[in-house]
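Working notes, structure below.
The values are calculated or read from the model by the stated rules, or taken from the named source; none is laboratory data. As the structure is a computational prediction, the values presented were derived from the model and not from experiment. Using ideal geometry, Cβ is built from the backbone for each residue, glycine included, and neighbour counts are taken over all protein chains shown.
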Amino acid sequence: MEKKKVIIIIAVIAVLVLSIISIIFFNRDTSKPEDVIKQYMAYITEKNYDAMYELTTKETLQEEYRTRNKNIYEGIEVSKLDINIAKTTKKGKEAEVVYSTSMSTIAGEVNFSNTANLVKENGIYKIKWSSNIIFPSLNNEYKVRVETLSAKRGTIYDKNGKILAADQTASQVGLVPGRMDTISKEADIKNIAKLLDISEDTIKGSLSASYVKDDTFVPIKTVLKSETQLKEKLLQIRGIKIVDVEERVYNLGEASSHLLGYVQGISAEELNEKQNEGYNKNSKIGKSGIEKIYEDKLRAIDGAEIYIANENNIKVKSIAKKDLKNGENIKLTIDSDIEQKLYERFKDDKSASVAINPKTGELLAAVSTPTFNSNDFSLGMTTNKWNKLSEDENKPLYNRFLASYAPGSSFKPITGAVGLTTRSFTAEEDFGKSGTKWQKDSSWKDFYVTTLATYSGKANLQNALIYSDNIYFAKAALKIGKDNFAKSLTNIGFNTNIKTPLGEVKSSYSNTDTFATETDLANSGYGQAEVLVNPIHMAMLYSAFLNEGSMVDTYLEYTGSSEVKYFKEEAFTKEAANEIKEALIQVVENPKGTAHSAKLNDMVIAGKTGTAEIKTSKNDKEGTEIGWYNTFIADEKGGRQLLIVSMVEDVKEKGGSHYVVEKLKDIFNQWD
């Protein structure tokens with residue numbers, strides 16, 4: 001019995017001790033006022049308004065608190081908020097924290113000092129919240145306003161001062177629900193969807209948005225100002241309203257889309273990456289082409305002012321202000337007439353065309369077809385349009401002038417120039433007739449080089465180019481030798497990344513740094529085997545025939561300077577370049593030349609055709625063909641200088657490279 005009493009007494013004492021400990025624990029300070037302030041401010045950039053509310057004395061309703069803080073902090077686009085505690089003063093259950101705040105906003109950096117009052121509830125400090133926690137001058141009746149000042153993106157001009165891309169007036173098509181015909185509403189929506197190439201659900205979704213009232217203008221789609229017929233049809237439908245808006249407009253449309261690219265609204269990923277560069281959630285940014293390449297120059301930096309307004313919406317204090325900065329205009333070397341003409345000739349083909357001034361390196365045109373319309377992206381790409389583009393087997397979104405292709409016979413002048421430069425043979429050297437089928441010896445087993453060429457003269461360089469003799473250039477490659485050929489091609493840009501004004505490109509003579517077999521070397525001499533050439537690089541290579549052997553470096557931004565930069569000086573010897581140029585003149589001038597149909601009466605031009613066979617395997621009996629035609633004005637001292645390289649896929653049933661020749665035939669006559 002006595003033992004049981006002792007146990008009970010011990011238990012009672014334990015309970016009393018635990019109670020005392022609990023009282024002491026729960027009544028001591030378990031948080032520091034400055035830590036509460038720091039945590040509260042950290043929640044702001046996390047947009048965790050409910051957690052912020054839990055750190056306050058809850059003197060306002062949670063939804064009211066949440067709405068006010070969300071609207072202000074997200075409206076001014078707060079990021080990188082830092083605070084520095086200056087002083088903490090405690091008095092009983094209350095504390096006062098003096099701190100300074102620094103934050104990045106849509107209007108730039110904002111810095112201010114502030115004071116927060118806290119009170120301890122159940123051992124935890126809570127902030128006695130009012131609107132002046134946001135800004136010291138902000139009371140609960142005042143509002144924070146943001147006024148944005150829209151800047152203009154830089155205009156892109158061609159070399160002759162024609163506008164290629166600019167912020168211009170477009171037409172925004174919309175609906176006013178209260179003006180729609182209630183009886184024919186469904187039929188009208190169907191008609192609008194068809195005219196604008198958008199889905200009916202898209203229109204209905206816009207009309208059902210929570211903000212929409214009977215008199216609300218509901219934007220549906222933006223179209224070009226010039227689409228007058230479309231707008232006239234739309235305006236016949238009740239409820240349609242069309243207003244002017246400023247948008248990025250591309251005057252050449254499809255003709256320059258791969259070249260110029262397009263702008264669109266900045267993505268969340270891009271904004272996160274460029275958050276310190278003055279972009280905001282409303283910014284437009286270059287997504288591809290020149291718009292992307294020259295983004296730093298062209299970009300418009302919007303201005304903004306954050307200010308406090310009273311109950312009458314009168315400004316009482318400016319918090320921050322950033323001046324707008326218009327983008328810089330740029331003038332390109334592009335000739336929009338040539339750009340347009342090349343597009344018109346090849347718009348129905350899978351092709352790439354590049355035009356340059358071979359004496360200066362000016363890039364005059366770059367066209368890839370099939371293509372898209374940059375305006376569709378900048379004005380608002382519809383789901384229907386995007387699906388058509390992305391699912392098109394002809395790949396209109398693929399930029400072909402940045403890719404590389406088997407050059408076929410258009411590569412023969414390069415082989416010839418390398419052979420002459422390395423003194424592997426002379427221009428007059430007769431390689432001997434071999435008919436239309438040849439192999440070096442029996443070690444090649446069943447492999448033969450074949451050619452369509454038959455001619456009565458010497459098998460020398462000029463005749464081999466005029467008649468496009470595959471056998472001659474297979475022999476030429478063997479005479480040069482695999483190591484010498486590989487070294488020479490590497491010297492002029494092959495098997496390396498080449499920086500061009502439109503991006504990096506690459507040409508290659510093999511998949512390794514050498515020619516795997518002797519037959520590969522022979523095939524490479526006339527542009528087959530593993531040889532791939534980029535059209536821009538091809539234009540640079542051919543420019544050497546007009547510059548005493550030096551390859552120009554292309555450029556895109558017009559400077560007006562007469563200074564010429566070379567990608568490779570003395571890529572070929574002067575004598576080799578001149579021999580090739582004269583031979584290429586005869587390819588056009590000589591009645592037997594493969595490009596004779598391109599001959600002009602009042603202008604001497606030179607050129608070389610090329611048809612490359614593309615097969616999926618050795619057993620592929622059908623395959624396809626790529627056609628090339630590289631041509632230039634042969635008068636290197638004349639005022640007009642133009643060199644064009646054009647490549648077209650799938651020309652087997654179209655006449656091979658001659659299909660390309662006919663497409664370019666009148667370009668030179670029409671250009672001045």
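Annotations
- Condition check for residue 132 on (1) closer than 30 Å to residue 559 by Cβ; (2) part of a helix (DSSP H, G or I): one failure, at (1).
- Scanning the stretch 663-670 finds no residues that are at pLDDT below 90, outside any loop (DSSP other than H, G, I, E, B) and more than 25 Å from residue 363 (Cα to Cα).
- Unique match (being assigned by TED's automatic domain parsing to the domain that holds residue 490, among the hydrophobic types (A, V, I, L, M, F, W, C) and either free of Cβ contacts under 8 Å to residues at least 40 places away in the same chain or outside any helix (DSSP H, G or I) (or both)) among 600, 541: 600
- In the set (1) in contact with a Lys or Arg (Cβ under 9 Å, 6 or more places away or on another chain); (2) surrounded by 20 or more Cβ atoms within 10 Å (Cβ to Cβ); (3) under 17 Å from residue 320 (Cβ atoms), residue 76 fails one condition alone, (1).
- Verdict on residue 118 being modelled with pLDDT of 95 or more, surrounded by 13 or more Cβ atoms within 10 Å (Cβ to Cβ) and assigned to a strand (DSSP E or B): yes
- For the stretch 570-599, a tally of residues being surrounded by 24 or more Cβ atoms within 10 Å (Cβ to Cβ) and over 22 Å from residue 658 (Cβ atoms) returns 4.
- Total residues in the stretch 295-335, condition in contact (Cβ under 8 Å) with a residue 60 or more places away in the chain and under 23 Å from the mean Cα position of the chain (by Cα): 17
- For residue 65: the one exception among (1) under 39 Å from the mean Cα position of the chain (by Cα); (2) assigned to a helix (DSSP H, G or I); (3) surrounded by 14 or more Cβ atoms within 10 Å (Cβ to Cβ): (1)
- Residue 338 being in contact with a Leu (Cβ under 8 Å, 6 or more places away or on another chain) and part of a helix (DSSP H, G or I): yes
- So residue 125, is it in contact with a Pro (Cβ under 8 Å, 6 or more places away or on another chain) and either among the aromatic types (Phe, Trp, Tyr) or surrounded by 14 or more Cβ atoms within 10 Å (Cβ to Cβ) (or both): yes
- Residue 565 meets each of the listed conditions (1) surrounded by fewer than 16 Cβ atoms within 10 Å (Cβ to Cβ); (2) of a type outside the set (Asp, Glu); (3) more than 34 Å from the chain's Cα centre (by Cα) apart from (3).
- Restricted to the stretch 104-115, and to residues there that are at pLDDT below 95 and at negative phi, the residue that is surrounded by the fewest Cβ atoms within 10 Å (Cβ to Cβ) is 109.
- So residue 622, is it of a type in the set (D, E, K, R), surrounded by fewer than 24 Cβ atoms within 10 Å (Cβ to Cβ), assigned to a loop (DSSP other than H, G, I, E, B) and free of Cβ contacts under 8 Å to residues at least 24 places away in the same chain: yes
- From the list 156, 133, the lone residue that is over 30 Å from residue 329 (Cβ atoms) and either modelled with pLDDT of 95 or more or touching a Ser or Thr at 6+ places or on another chain (Cβ under 6 Å) (or both) is 133.
- Members of the stretch 107-140 found to be under 47 Å from the mean Cα position of the chain (by Cα) and of a type in the set (D, E, K, R), listed by number: 109
- Selected residue (criterion: nearest to the chain's Cα centre (by Cα)) from residues of the stretch 36-46 that are surrounded by 13 or more Cβ atoms within 10 Å (Cβ to Cβ) and not hydrophobic (A, V, I, L, M, F, W, C): 45
- Options 456, 524; residue that is modelled with pLDDT under 95 and not in a strand (DSSP E or B): 456
- Pairs linking a residue in the stretch 256-272 that is over 27 Å from residue 336 (Cα atoms) to a residue that is at pLDDT 95 or above, with Cβ atoms under 7 Å and 6 or more positions apart or on different chains, are 266/285; 270/285.
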